[in-house]
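Each value in this text was obtained by applying a stated rule to the coordinates, not by laboratory testing. Model, not experiment: these values are computed from the prediction. We place every Cβ from the backbone using ideal geometry, glycine too, and count neighbours over all the protein chains shown.
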Amino acid sequence: MPSTPELWRGLTRLPFGTRLFSWGVCLRAPYFRSVRPHVVRLEPGRCEVVSRDRRAVRNHIGTFHAIAACNVAEVAAGLLTEVSIPATHRWIPVGMRVRYLARAETGVRGVAVLDPLPEPGAEAEEWVVPVRILDTAGSTAVTADITMRVSPRSGSAAKAAGPTS
């Protein structure tokens, strides 16, 4: 099966490719379907995800729901991490610190940027991925710092070293 970066590069060459990729993300992690994420930019150290304004993501006062914004943030941080680590490593979110700064009365764009990009090591480590949730005017509504545990896959050191005699 192709890696996430390979899928992104291959699908984005097609008409509606970013939509196909985003749909695939939701097949892999079905809970994210609730915000219908549309991945519009993905590269090591950066991911941008858009979620349209619709009734399903609004709260009782008619603004983009805080937890829906957290879902957008987690999609962006997770994909950033996925394309920023080598195949010998894995990741999992282990925490999120969120600040609600303003109401978003429109759809949102989640922008995750990790610069400088850390180099994953031989031991488990934690990366904090900052994400800004912007409304369509570009104002920051929510910020999230998502802590990702990045660690070598089981047996990856042995695989990297090659066979022993």
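GNM on the chain, C-alpha springs below 10 Å: top fluctuator among R13, R41, R132?
R13
For the chain, set up a Gaussian network in which alpha carbons nearer than 10 Å are linked by springs, and say which option among E48, E123, E82 fluctuates the most.
E123
Any idea how far apart R103 and E123 come out in nm if each label point goes 7 Å out from Cα toward Cβ?
Taking the two extended label points, one gets 4.8 nm.
Could you tell me the center-to-center distance, by alpha carbons, between the stretch 105-156 and the stretch 8-54 in angstrom?
16
Working out 0.36 nm times the residue gap between T12 and T147, then minus their Cα-Cα distance, what length gain in nm do you get to one decimal? Write down the numbers at each step before the final one.
Values: separation 135, 0.36 × 135 = 48.60 nm, distance 2.82 nm.
Length gained between T12 and T147: 45.8 nm.
Lys and Arg at +1, Asp and Glu at -1: add these up for the other residues within a Cβ distance under 14 Å of V142 and post the number. Don't skip to the end; give the middle numbers.
Values: positive: R97, R99, R103, R109, R132; negative: E74, E105, D135, D145.
With Lys, Arg at +1 and Asp, Glu at -1, the neighbours total +1.
Fewest to most neighbouring Cβ within 10 Å: what's the order for V35, V142? Working shown, then result.
Details: V35 29, V142 25.
The fewest-first ordering by Cβ neighbours comes to V142, V35.
Please identify which residues in the stretch 31-48 have an amide N closer than 15 Å to a label point set 7 Å out from the Cα of R54, following the Cα→Cβ vector.
Hits in the stretch 31-48 for R54 at 15 Å: 31-39.
Rounded to the nearest 500, what is the 222 nm mean residue ellipticity of the chain from helices alone, with -39500 (n - 2.57) per DSSP H run of 4+ residues and division by all residues?
Computed mean residue ellipticity for the chain: -8500 deg cm²/dmol.
Using +1 at the Cβ of each Lys and Arg and -1 at the Cβ of each Asp and Glu in the chain, identify which of T4, T106, I92 lies farthest towards the dipole's positive end.
T106
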